[in-house]
Amino acid sequence: MIRSKLPNVGTTIFTTMSQLAVQTGALNLSQGFPDFNGPQALLDAVGRYVAAGHNQYAPMTGLPALRQQVAAKVARLYGVSVDVEQEITITPGATEAIFCAIQAVINPGDEVIVFDPCYDSYEPSVELAGGRCVHVPLSNDDFAIDWQRFSDALTPRTRMVVLNSPHNPSGALISRADLDQLAALIADRDIYLVSDEVYEHLIYDGVAHASVLAHEQLYQRAFVISSFGKTYHVTGWKTGYVIAPPQLSAELRKVHQYVNFCAVTPLQCALADFMAEHPEHIEQLPGFYQAKRDLFCDLLQGSRFSFKPTPGTYFQLVDYSAIRPDLNDVDMALWLTREHGVASIPVSVFYQTPVPQQRLIRLCFAKREETLQQAAEKLCAI
């Protein structure tokens, strides 16, 4: 008999809903990936590097040229200098980076504070390290951190806090004031941070991203994680990176080298070239996705869903209380897919303890204009 290390883990809701969308022919606004391609110059560069023979192992820490471009981006956007050799590690995806960061510092009996609703990879990573997640709910209205509840959750066993901004699934943002509050509360404690910032460039309405990289006190104890896949519309490339102080990077790399060793070589080559030649891509990204958000929200004005435009990510939460209050959000997502041809994600799956009577689903607007129009037509017809 197999004794499972993750007895409570099954097929994720993301896989379930995407499979159901395929089976029913529904428009897939569930899993977070674009239905359009990345920049053509980036795609062309991959082909050139594959044909030129760049198909063997990259250095464990990542190609130097790509790490240099990451350092240049961080300096340009956040005014921070990070060491290319000692502080930047390229990884095969942000999820692997999160896993390695947690394995690097969490020991049996340690507690890790996560904020609900939270991304589903955090808790299994903690459990596999022998730790335990302590779930602190965000506010029900705007998904803000309740710092009193956070303070109450701290114990001598607290070893890590996982932050996520912009926040999946809500799009909520952590402010500089939030980071200052966190720094004050953990200043005298032996606590590390994982800052999941994979949507760092998808923030709207002129708001600037408050990165842990730019907070000197917090960065000294942090693993800051981002995603090339999200930034360059190539989620299937599963390529990301971690920036952490030298001593934390060294521990992370000890784990990373035995999990996957390195990220895919020709993809790293292409990304390094594209970042150097097209720095404007990142600058244009907020406007690119805000236009999609605004179009989708405008199209949904004629529906019976209620919502506030998301401040970040490429996810829009909508409340369906006026349509099927009798259904919980999982059943609503299934009904919406099967009966109305639009696949979504129920928000309750991001909670340890779902909020009673919460009636929210998550829709991804990283789609072509015609996809958003077709989805809105179906949603407005309900």
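Here are some notes:
- Descending by average beta-carbon neighbour count within 10 Å, the peptides 69-77, 207-215 line up as 207-215, 69-77, the highest first.
- Sites matching trypsin sites (Lys or Arg not before Pro) across the range 195-256 that sit in DSSP coil, with at most 10 neighbouring C-beta atoms within 10 Å: none
- Positive end of the dipole of the chain (Cβ unit charges, origin at the Cα centre): among I174, T155, Q56, the Cα lying farthest that way belongs to Q56.
- Helices in the chain that qualify as membrane-span-like (whole DSSP H runs, Cα extent of at least 20 Å along the helix axis, mean Kyte-Doolittle hydropathy of -1.0 or higher) are 64-78, 280-300.
- Candidates D83, D329, D188: whichever shows maximal mean-square fluctuation once the chain is modelled as a Gaussian network with Cα springs under 10 Å: D188
- Of the peptides 244-252, 287-295, the order by per-residue mean of other Cβ atoms within 10 Å, starting with the highest, comes out as 244-252, 287-295.
- Under 5 Å between amide hydrogens, built in the peptide plane, is the criterion, and for V194 it picks out V161, V162, L163, F223 among residues at least 5 positions away or on other chains.
- In terms of distances greater than 26 angstrom between alpha carbons, the cross-link table entries K292/K378; K238/K367; K5/K230; K238/K292 yield K5/K230.
- Sorting the segments 99-107, 171-179 by their residues' average number of neighbouring beta-carbon atoms within 10 angstrom, most packed first, yields 99-107, 171-179.
Rule-based calculations on the coordinates, nothing more; no lab input. This is a predicted model, so every value here is computed, not measured. We place every Cβ from the backbone using ideal geometry, glycine too, and count neighbours over all the protein chains shown.
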